[in-house]
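Inspection log for the structure reproduced underneath, given as structure tokens.
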Amino acid sequence: MRVFKTYFKILKNGALVAIIINLAIAVLIATIFMSIPEENNKSFKKEKPTITIFNNDDSEFTDKFLDYVEKNTKQFKIENNTNAKQKALFYRDTSCIVTIPEGFGDAFVSKNPINLKLEKFPDATNGNIADIIINNYLSTYNMYQQSTNLSMDEIIKKIDADLSNSTKVVLENNSVRSHMSGKSIFYNYSCFIIMTILIVSIGTVSFSFRSKDIKRRINCSTMSLSNYNMQIGLGHFVVSLGMFFVVLTLGIVMFDVNIATTAGMLHILNMFIFVLVALNLAYLLSSVVTRKSLDAVANVVVLGSCFLGGSFVPQEFLGDGVKATAVVNPVYWFVKANNTVASVTDYSFSNIKDYYLCLGIELLFSLAFLTITLVISKVKRTEN
Amino acid sequence: MFFRTFKYKVMRNFKQKQNIFWTLFFPIILATLFYATFGNLQKLDTLDGVKVAIVDEDNSGEHFIKTFKDVNVFDSTVTSQSKADTMMKDGKVTAIINIKNSEVELTIKENGMSETIVKTILDKISQTTSTVTNIYKINPTGDKTNLNKLLGEQQSFTEDDIGESKNNDPYTIFFFALIAMTILSASMTSIYSVADIQGNQTVIGARQNIAPASKLTLFGASIAADMVTQCFGTTMLLLYIKYILNYNIGNISGWLLLICYLAIFASISLGNFVGVACKGKIMVKSAILNAICLTSCGVAGLFAAQAKGAIENKIPVIAYINPASLISDGLISLYYFDSMQMYFTRLAILTGAGIVLFLTSCLILRRQKYESI
């Protein structure tokens, strides 16, 4: 198994540093994804907008008003200066900055309301929800005030009762999973790590074995071509398997991936199939490009397919033109399979048949890449 | 000697295909991919993107449907239960509103902001109904002209303090991080340039060490040539994003070009410093710089825009020491902030860092001799 041993010597000397760097970057990015929580609720959870309140008024009405607002929103504290406000709004740390002027409460109760100053972007959804919450309370108070003779305390009691009315929410499958959680994002992002590292490793080794002098010496040797190819193929497979286990370990350690659950097993199966796709893609790229251009081509292919396939941005946000490229993009089907599993809780065949369809398409991509590579190798061998 | 070296170095930079790819074409390809994936996202952060199906099979919700459509916020369709279920499964609607015996029920598939918006509006309708009912109970015979007027008009007790014209697209963080990555990649090129001055790194370095030309002249010419190449690549990228992709990253003014070009100088100085300070082969130094650049850009929001704000909130000093954050903050300052304070602070730090690293590299290279190569 001399060729097999040499394979790993070349990998160690030629690609180890690049593999380590790529893994380090993967861990860094995975750390960012860890902050996004897993969702698996049995009930609807209302998203509360994050707002910042600067209160310059000291009245009972304002205190009651703020109790309601704080119960229905999340608060983010910042310094009261222009720079801090602009920074918080731009990075969406807060969706809305409310400034309550002095005398607001007394003016409102005496039917001469002063408007609240709201700093938010006109088209931002979170900011608009905060606006609705604020105006809901104030307009309800105003309606009671204009149409009845109730005192402030009585009106506030009525408002508390009215605003506790809530529409009944039913979940489609009796529970909710989201494919936007940190764990799901990690599964989708894992294709980037797998493709990058496999292309670097397999490319480095393939180019070393494919140099003219080495090839001629091997052809003259006593080792049969089939034995030689078998050892190279085994080396590729072992590297791919190693890569698969490294990514899986990353998932288990950092994202608590549970291989004992059905969802976990389905995700892992999808990842394994994709490793085969990436292996054959790496083999194809190393057959068609030169050594010097491998890095460049690999980066373009990997980043292009990951961006356009929905690995970095959720697929539902991609434009129709981008989705049209899915026909030639195996990452799209890998991500779609992951999203199908992540958004359901019932894993019966009929409920996730899209998942199996995506696996089938990935296997076809794998076969297509392998076929093209073999044809190109045959043509090159015949030409030589 | 300076201009001769400068001329041939510039020619060499522009003739090396790899160099041109990484400096010019790769950032443009990445910008195109960013535009294809992120270009649509800002428009989706609006209420226009929310579609709802309404099912009213016993026709008891006529009044509700009219009130809901009067809100004029969602794209709603009245349809049958089976069609509504199919539309939700295919992702064509965010939620289904079921009306049975005048009771309203909301069906959703997952938790999210769109679902929250629909629930908020439905709650508002039901709460207003409860308020009006209570007012009629408290004051059944009173004059309702005022109440009807208040119901008819959209009451608002808030005033918008920002206005519509402000640039506010948070996804520009990705583009600014990309520009920062392009600028930082200048450090990778300068590693090879400084290797041409070191006798123990390259054959050219060995020749240059025994040549009668001043090392500072050769070094300066090399840096100037790298500056020209990188400034050209960065300018092309800015023009491409602004005028070809037509994505708003602010005006390409003198201030923007100034911070980019000074950042390129700092980046080249960083590459030179790593090249002269670290012992070992070029590949190792290149790998170290690659790791620094990618980590720096990752923290500045290249992989996840929200990461930048989140990390800087937890560790504020990062904004002052991370090169990519310094560059992208300077660009964001011109794009969005009213005050130029952040811009000038970042500009000063980048310039200072560039000068310090350049002078340190000169000190280390100065009188460097080799006993045997």
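The values are calculated or read from the model by the stated rules, or taken from the named source; none is laboratory data. These figures come from a predicted structure and were not determined experimentally. With ideal geometry, Cβ positions are generated from the backbone for all residues, glycine too; neighbour counts draw on all protein chains shown. Quick note on the areas: whole protein, heavy atoms, side chains included, nothing else; ligands and nucleic acids left out. Shrake-Rupley method; radii C 1.70, N 1.55, O 1.52, S 1.80 Å.
A few remarks follow.
- In region B:310-324 there is at least one residue that is at pLDDT 85 or above, open to solvent by less than 30 Å² (accessible area, probe 1.4 Å) and not small (Gly, Ala, Ser).
- When every residue of region B:113-130 is checked against the conditions, none turns out to be more than 7 Å from every other protein chain (Cβ to nearest Cβ), over 26 Å from A:VAL169 (Cα atoms), open to solvent by 20 Å² or more (accessible area, probe 1.4 Å) and modelled with pLDDT of 85 or more.
- Here A:TYR228 meets each of (1) in contact (Cβ under 8 Å) with a residue 40 or more places away in the chain; (2) within 34 Å of the chain's Cα centre (by Cα) with one exception, condition (2).
- A:GLY235 being of a type outside the set (Val, Ile, Thr), modelled with pLDDT of 90 or more and in contact with a helix residue (DSSP H, G or I) (Cβ under 8 Å, 6 or more places away or on another chain): yes
- Test: residue in region A:269-292 that is within 14 Å of another protein chain (Cβ to nearest Cβ), over 23 Å from B:GLU110 (Cα atoms), surrounded by fewer than 22 Cβ atoms within 10 Å (Cβ to Cβ) and not basic (Lys, Arg): yes
- Under the condition of being open to solvent by less than 50 Å² (accessible area, probe 1.4 Å) and without any contact (Cβ under 8 Å) to a residue 24 or more places away in the chain, the residues counted in region A:326-350 number 3.
- Residue tally, condition of a type outside the set (Ser, Thr, Tyr), open to solvent by 20 Å² or more (accessible area, probe 1.4 Å) and touching a residue at least 12 places away in the same chain (Cβ under 8 Å), over region B:82-112: 8
- Restricting attention to region B:341-362, the residues that are loosely packed, with under 13 Cβ neighbours inside 10 Å and either closer than 19 Å to B:ALA300 by Cβ or within 28 Å of the chain's Cα centre (by Cα) (or both) total 3.
- Selection within region B:327-340 - open to solvent by less than 10 Å² (accessible area, probe 1.4 Å), closer than 20 Å to B:THR182 by Cβ and either out of contact with any helix residue (DSSP H, G or I) (no Cβ under 9 Å at 6 or more places or on another chain) or in contact (Cβ under 8 Å) with a residue 60 or more places away in the chain (or both): B:ILE327, B:SER328, B:GLY330, B:LEU331, B:ILE332
- Cross-chain or 6+ apart pairs with Cβ under 6 Å, region A:363-377 first and hydroxyl-bearing (Ser, Thr, Tyr), then open to solvent by 40 Å² or more (accessible area, probe 1.4 Å): A:SER366/A:LEU276; A:THR373/A:TYR283
- The number of residues in region B:270-319 being among the aromatic types (Phe, Trp, Tyr) and assigned to a helix (DSSP H, G or I) comes to 1.
- When the residues of region A:158-199 are filtered to those that are closer than 30 Å to A:VAL302 by Cβ, open to solvent by 20 Å² or more (accessible area, probe 1.4 Å) and at pLDDT 85 or above, the one that is nearest to the other protein chains (Cβ to nearest Cβ) is A:PHE192.
- The condition of being more than 14 Å from chain A (Cβ to nearest Cβ), more than 18 Å from B:ILE191 (Cα to Cα) and in contact with a helix residue (DSSP H, G or I) (Cβ under 8 Å, 6 or more places away or on another chain) holds for only one of B:ILE264, B:ILE259, B:ILE244, that being B:ILE259.
- Evaluated against (1) without any contact (Cβ under 8 Å) to a residue 60 or more places away in the chain; (2) within 19 Å of the chain's Cα centre (by Cα); (3) open to solvent by 20 Å² or more (accessible area, probe 1.4 Å), A:ILE259 falls short on exactly one condition, (2).
- B:PHE174 vs. criteria touching a strand residue (DSSP E or B) at 6+ places or on another chain (Cβ under 8 Å) and modelled with pLDDT of 80 or more: no
- B:VAL55 vs. criteria within 16 Å of A:ILE132 (Cβ to Cβ), among the aliphatic types (A, V, I, L, M) and out of contact with any His (no Cβ under 8 Å at 6 or more places or on another chain): no
- The requirement of being in contact (Cβ under 8 Å) with a residue 12 or more places away in the chain, over 30 Å from B:LEU294 (Cα atoms) and in contact with a strand residue (DSSP E or B) (Cβ under 9 Å, 6 or more places away or on another chain) is fulfilled somewhere in region B:126-147, by at least one residue.
- Single unsatisfied condition, B:VAL203 versus (1) over 24 Å from B:ILE288 (Cα atoms); (2) modelled with pLDDT of 80 or more; (3) surrounded by fewer than 16 Cβ atoms within 10 Å (Cβ to Cβ): (1)
- Leading residue by the ranking (nearest to the other protein chains (Cβ to nearest Cβ)) among those in region A:108-123 that are over 27 Å from A:THR82 (Cα atoms) and of a type in the set (A, V, I, L, M, F, W, C): A:PHE108
- Yes/no for B:ASN167 being surrounded by fewer than 21 Cβ atoms within 10 Å (Cβ to Cβ) and either at pLDDT 85 or above or more than 10 Å from every other protein chain (Cβ to nearest Cβ) (or both): no
- Selection from region A:49-63 of residues that are among the polar types (S, T, N, Q) and assigned to a strand (DSSP E or B): A:THR50, A:THR52, A:ASN55
- Among residues of region A:1-19, those that are over 23 Å from B:ALA287 (Cβ atoms) and among the polar types (S, T, N, Q), counted: 1
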